[in-house]
Every structure is written in C-alpha cells, then in structure tokens.
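Taken together, the values in this text are just the output of simple stated rules run on the coordinates, not laboratory data. This structure is a prediction, so every number in the text was calculated from the model and none was measured. Neighbour counts are summed over all protein chains in view; Cβ atoms, including those assigned to glycine, are modelled from backbone coordinates with ideal geometry.
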Amino acid sequence: MEIRMVDLATQYANIKEEIDNKIQEVIHSTIFINGPVVKEFATNLANFLDVKHVIPCGNGTDALQIALMALDLKPGDEVITTPFTFVATIETIALLQLKPVFVDVDYKTFNVDVNQIKDKITSRTRAILPVHLFGLCCDMEPLQQIAQDHNLKIIEDAAQAIGANYTNTNGNTSMAGTMGDFGTFSFFPSKNLGCYGDGGAIVTNNSELAEKAQIIAKHGSKVKYYHQIVGVNSRLDAIQAAVLDVKLKYLKSYNEHRIEAADYYDKCLNIETITTPYRPKNRNHIFHQYTLKVDGDRDAIKDYIKSLGIPSMVYYPVCLHLQPAYLYLGYKEGDFPIAEKLSKEVLSLPMHSELNQLQQDTITGAIKSFSASYA
Ligand SMILES: *Cc1c(COP(=O)(O)O)cnc(C)c1O
C-alpha cells in the first residue's frame, strides 16, 4: 500500500469517465480560451460560494496580483499580512512596489493574530491581506471591524480554503473568500479544488471592482484592442475549466471526507507531545493540510516515518520575514516569535479526498511507535 501526501490518481480513477468526456467536449469544440465551459464554471463557482462575481484567471498568484492592482494602491502603500504563509502571498505585494507589513500569528490557528493588527496600522496602510491557512478561516469579524474603522481594503487569500466558512456573532455564515473586497483562489492540482495544470480565480461582491479586475486580467481592455489601463494576461484555459467544473460538483463531499479523515487522525493521535489541529466552533476547517505541532524533535519523527515509506511535509520551514528575498524589509529573527516557533514545530500528514482508515492506521501507528521508543 503506497501512501502519498495527495492521491490525485485514485481521485481521477473515480471520476474518469466524466472528466474524459468533458475534456473531449472542449477539444472537439476547439474553443480552448474563454468560451462556454469557462463561463459555466465561473457561474457554478459563484453559486457554490454565494458570491456575485467570479473572474477566472491563470493561477492563485495572478489572482492576488490582479486584486491588488484593482485596488489602485500606490508604491509604498502598506499591506498588512502574515509571515507564516506561502511566498505567493507577499510576492505580489512586493512586485507592485507595495510594502508587506507582517503581524505575528496566533499559535492555535496558525492565522494572523487579529489582536496585533491595530498596532501595525500607519498613515500608509491601505489593505489587510489575511490568509486562511491550511483550510481554516482567519477570525474575520474583528478583522472586518478593524478594516472598517481604519478605511482599509481586505483581500482574502483563500487559496487553501475553498469551501471553508465562518459564522459571525449574529449567526450569518459566509464562505472563505467572500468576506473581503476581494477573495482569491488557486486551483493548483493539490489544492482542495485542483485542476490538471494551473488555474485561479478572483471573487468579489462589488460590481465595480469585478469590472476593474476583469479589465486588468485581459490586457487592461474592455473592448478588444482598446486599452484603458496597464493590465496583464491571465486566463483559465477551457480544458482546466472543464476539469474544475466536474470536480466542483464533488467539492463538498471531498471536503467532508477530509474532515472525517481529520476526525480519525485526532482520535488516533492521542499523544502527549503532539497537538492536533485546533477547530474553533464558529468556522469549519476543511483541512487543506492536517498539521500537527510537535513538542520535541519534529525532524526526527519526519525522518522515522519516512524510513517506513510515509511522507509528511513541513509547511513552512522558514518564515517569510527571514527569507533572503525579503530581508530588505528589515525584519530579523525574533520579530515574530510565534511564527518562528511554529516553523520549527509543524508537521503536515497525508491528507486528501481518498485517504482511508487503513492508511491512517499505518501513519498514526508509525508516529505512535516513534513516540513510544524515543520519547
Ligand atoms: C497555492 C497558494 C497560492 C498560489 O497559488 P498558485 O496557483 O500556485 O499561484 C497563494 N497563496 C497560498 C496561501 C497558497 O497556498
């Protein structure tokens, strides 16, 4: 029995006929860019997320860049975000000559610590870019309040959280990506909704911002060959949209399967030196990653289970403020103690829509035998 971090082969085998037929449809239509399949997927995704506008694009990094461009930020404007995320989150901020301003994360949720945001707001702050890391929403209600009080825009990086939700104190529930001015998604193959190549989307409930983002994604033009603003070329191709439209129908059950697998991991991993993922009551964790905190030698566990053929990953081994590319921002070790501590403690286990209990018994058995013999 082979255990993988993500098992796209088995997932494909289960929906092969539908996927193959839909791809064939696109090939026979010869409409490979834009066209009805892309439109249909955008409409279906808008319905799934309960959001007004979906602008498909080339990938999740482009989605962030286009959203930032659509907000008309000026060089030197500050964007508050987290140092504990994938680099794409801040790369686009830096590329547009904006300034990423980091706020440390919450030890339990791995997400930006909302209580520390206010202290980082200056006269140049224009936006907050929360990341719903590993499939769990940030604490959005207080974050939205801060944004409102200080007239800041919100871009949610929801690349890892498609289908996650958040419930306000008034009982209203919203999907990840639909609570800010913009939400951005990635359809990288291993994401909870992944295509067979690159893909992404920008979503918003604001019609003006939607139009602006759409124009930017299409070379800055509304009418072909007439260019109002400097744009980019970022498209979701029709074959990827075909794959996504089929898989979108299964997304809810894929996420439910991940949650069940997480429940089973929780049950099996009752080990003193290991903390299983925290799940606040007002949001559903959709487990893009199932990430443990290891009190002790994390790398020794990783190596031990690897020797038994069990993969695991460290997301993320180096915080962004300590990456060579971003040292120019002037941060140093010790500036974000929680994020730095997490980078030494986290360990993500195999997690996907096809994971079964037999595999999980093997994985958790290996971790338990390590703990028993080396602790
Ligand atoms: C995957 C990911 C992205 C980038 O998506 P791509 O489609 O690979 O460009 C951005 N932010 C986060 C948090 C991600 O996990």
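Test of understanding: express the Cα radius of gyration of the chain as a ratio to 2.2 N^0.38 Å, with N the residue count. List each step's numbers first, then the result.
On the way: Rg = 20.8 Å, N = 375, 2.2 N^0.38 = 20.9 Å.
Against the empirical 2.2 N^0.38 Å value, I get 0.99 for the chain.
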Self-check item: Dipole in debye (nearest 20) - the chain, about Cα centre, beta carbon charges: Lys, Arg +1; Asp, Glu -1
Solution: 520
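In whole percent, what relative contact order does the chain give with Cα contacts below 8 Å and a gap of six or more residues? Each step should come with its number before you reach the end.
Working: 749 pairs, mean separation 81.0, N = 375.
Value for the chain: 22 percent.
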Exercise. Would you kindly state how much longer the chain becomes between Ala9 and Gln323 on full extension, computed as 0.36 nm times their sequence separation minus their alpha carbon distance, in nm to one decimal?
Key: 109.7 nm
Exercise. Could you list Glu208, Glu25, Glu340 in order of exposure, starting from the residue whose Cβ has the fewest other Cβ atoms within 10 Å?
Key: Glu208, Glu25, Glu340
Quiz prompt | Distance histogram in 10 Å bins (all Cα pairs of the range 5-143, percent per bin) | solution = 10, 27, 32, 20, 10, 1
Quiz prompt | Given charges at beta-carbon only (K, R positive; D, E negative), |dipole| of the range 1-141 in Debye | solution = 440
Exercise. Tally the DSSP beta bridges in the chain and give the antiparallel ones as a percent, rounded to 5.
Key: 65
Quiz item: Can you give the direction-averaged projected area of the convex hull of the alpha-carbon atoms in the range 190-272, in nm²?
Solution: 8.8
Quiz item: How big is the Kirkwood radius of the range 251-373, worked out from every pair of different alpha carbons and given in Å to one decimal?
Solution: 15.7
Quiz item: Which of Leu136, Tyr264, Leu49 sits farthest toward the positive end of the charge dipole of the chain, with +1 on the Cβ of Lys and Arg and -1 on the Cβ of Asp and Glu?
Solution: Leu49
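By counting other Cβ atoms within 10 Å of each Cβ, how are Asp119, Asp303 ranked from fewest to most?
Listing Asp119, Asp303 from fewest to most nearby Cβ atoms yields Asp119, Asp303.
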Self-check item: Candidate lysines - alpha carbon under 16 Å from Lys249, same-chain residues fewer than 8 apart omitted
Solution: Lys16, Lys22, Lys39, Lys191
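What translational diffusion coefficient, to the nearest whole µm²/s, does the range 137-211 have by Stokes-Einstein, given a Kirkwood radius computed over alpha-carbon pairs, a temperature of 20 °C and 1.002 mPa s viscosity?
Value of D from the Cα-based Kirkwood radius: 163 µm²/s.
Rounded to the nearest 500, what is the 222 nm mean residue ellipticity of the chain from helices alone, with -39500 (n - 2.57) per DSSP H run of 4+ residues and division by all residues?
Details: 11 runs with 142 residues, N = 375.
Computed mean residue ellipticity for the chain: -12000 deg cm²/dmol.
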Quiz item: Highest GNM mean-square fluctuation, the chain, Cα pairs closer than 10 Å: which of Pro75, Pro56, Pro277?
Solution: Pro75
